[in-house]
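Written below as structure tokens is the structure these notes are about.
The values are calculated or read from the model by the stated rules, or taken from the named source; none is laboratory data. Quantities reported herein were computed from a predicted structural model and do not represent experimental measurements. Don't worry about glycine lacking a Cβ; one is built from the backbone with ideal geometry, like all the others, and counts go over all protein chains shown. Accessible surface areas use protein heavy atoms only, side chains included; no ligands, DNA or RNA. Shrake-Rupley method; radii C 1.70, N 1.55, O 1.52, S 1.80 Å.
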Amino acid sequence: MFLQQLINALTIGSLYALTAMGATLIYGILGILDIANAGAYLVGAYVGWYIFHATGSIVLAFIGSMALVGLGGVVLQRTVYSPILAKPRTLSIIPLVAAVGLFTMSSDAVRLICGAGTKAYNLKFPVMVYKFTVFGKKLTIQPAWIMIFVLTAVLLFILWFILNRTKLGLAWRATAEDAEIAGVCGVNTSYAMALSYILGYGFAAAAGIMTGILYNSITPALGEVPSYKMLAIIVLGGLGNPLGTVIAGLLIGIAEVFLSVYFNLPIPKDAIAFVVLIIMLLIKPSGLLGRKNKV
């Protein structure tokens, strides 16, 4: 029972980490909380659904959705966020208000264009469920869980490789540390910012597709819960810290599953993320990994 719940928790936590990664990258380089990243999660799920049902290929669905939504993120960065941040004496809350507006617009646009009903991926796996016996206990694993684990690990490895083993990643880290000094030293900060949105929105789109496959349903309300839970995860992990976001996402997934299964809590499961966040901030206000330890 414990091992089964642990697998469930890690599956959910992987999705949380992947969803919040985009907001982490964007905060790390621009210093803004981009709630619109949850809109990318929603739009990515729908774009992937249309590509999958048009081509029958889930691989094309992932690639096409991540590419289109990632490019859409760059467009938003160039046309909305950069002009706002370029204005002198801009209040820090203004980009956040703009992000909330963009997320609301994306939800309403999906509802108007795609309809308010539920859409199902109906992805067929060769095997419906894998059954094992571990320490005398029966264990079942769904193929969708394996897909989520593998794809999340691959995407996070790609992110690590780009940030730590490429010149573009070096430019991102330099820009995240101090954009003005990086620009003076010849770093192309605009490319670094574009990288944050391509990867961030692309990862959110992939998480949206995986959520649609896992639960076999997507609705225009799909991004509502991730929009606020994402904030809890990036703050818990240490604002702008990719590694902290992964750890925080897994921690929230484990906390939600085990507390809801083994304890009769008087609060909804989705509120557990904020309970964990409050406890952590009382102990360590900078989050699990502060900015000094940023990747």
**Report entry** Rounded if a/c under 1.5, otherwise prolate or oblate - the stretch 1-103, Cα gyration tensor axes
**Finding:** oblate
Report task. Heavy atoms only, probe 1.4 Å: what % of the accessible area of the chain goes to carbon and sulfur, would you let me know? Result -> 71 percent
Requested in this report: Could you work out the relative contact order of the chain, using alpha carbon pairs under 8 angstrom and six or more residues apart, expressed as a whole percent?
Outcome: 36 percent
Query raised in the report: How much net charge surrounds residue 189 when only other residues with a Cβ under 12 Å from its Cβ are counted (Lys, Arg +1; Asp, Glu -1)?
Result: -2
Query raised in the report: Applying the Karplus parametrisation 6.51 cos²θ - 1.76 cosθ + 1.60 with θ = phi - 60° to the phi angles of the stretch 199-211, what ³J(HN,Hα) value in whole Hz is obtained for each residue in order, glycine and proline being reported as x?
Result: 6, x, 5, x, 5, 4, 4, 4, 5, x, 5, 5, 5
Query raised in the report: For residue 96 and residue 260 in the same chain, what is the full-extension length gain: residue separation times 0.36 nm, less their Cα-Cα distance, in nm?
Result: 55.9 nm
Query raised in the report: Assigning unit charges at the beta carbon (Lys, Arg +1; Asp, Glu -1) and nothing else, what dipole magnitude in debye, to the nearest 20, does the chain show about its Cα centre?
Result: 400 debye
Report task. Could you sort out which of 137/269; 138/269; 167/269 sit more than 31 Å apart by Cα distance in this structure? Result -> 167/269
Requested in this report: Estimate the FRET efficiency between residue 191 and residue 63 by the formula 1/(1 + (r/R0)^6), using the beta-carbon distance for r and 22 Å for R0, to the nearest 0.05.
Outcome: 0.50
Report summary line: Across 169, 238, 13, the residue with the highest GNM fluctuation in the chain (Cα network, 10 Å cutoff) is 169
**Report entry** Sequence-distant residues sharing a close amide H with residue 139 (under 5 Å, placed H)
**Finding:** 132, 133, 134
Report summary line: With the 1.4 Å probe rolled over protein heavy atoms, the stretch 2-224 has an accessible area per residue in Å² of 48 Å²
Report summary line: A correct Karplus calculation of ³J(HN,Hα) over the stretch 185-196, with 6.51 cos²θ - 1.76 cosθ + 1.60, θ = phi - 60°, whole Hz and x for Gly and Pro, returns 7, x, 6, 7, 5, 5, 5, 5, 5, 4, 4, 4
Report summary line: Most fluctuating of 171, 204, 17 in the GNM of the chain (C-alpha, under 10 Å) is 171
Report summary line: Residue span residue 116 to residue 150: 0.36 nm per residue of separation minus Cα-Cα distance leaves a gain in nm of 9.1 nm
Report task. Only one of the values [x] 22.2; [y] 18.8; [z] 19.6 was calculated from this structure for Kirkwood radius over Cα pairs in Å; name its label. Result -> [z]
Query raised in the report: Can you give the net charge of the other residues whose Cβ lies under 14 Å from the Cβ of residue 6, counting K and R as +1 and D and E as -1?
Result: 0
**Report entry** Distance between modelled label sites at residue 75 and residue 129, nm, 7 Å Cα→Cβ extension
**Finding:** 4.3 nm
Report summary line: When the charge dipole of the chain is computed with +1 on Lys and Arg Cβ and -1 on Asp and Glu Cβ about the Cα centre, the Cα farthest towards its positive end, among 236, 267, 125, belongs to 125
Report summary line: With the label point 7 Å along the Cα-to-beta-carbon line of residue 278 and a cut-off under 15 Å to each amide N, the hits in the stretch 223-267 are 232, 265-267
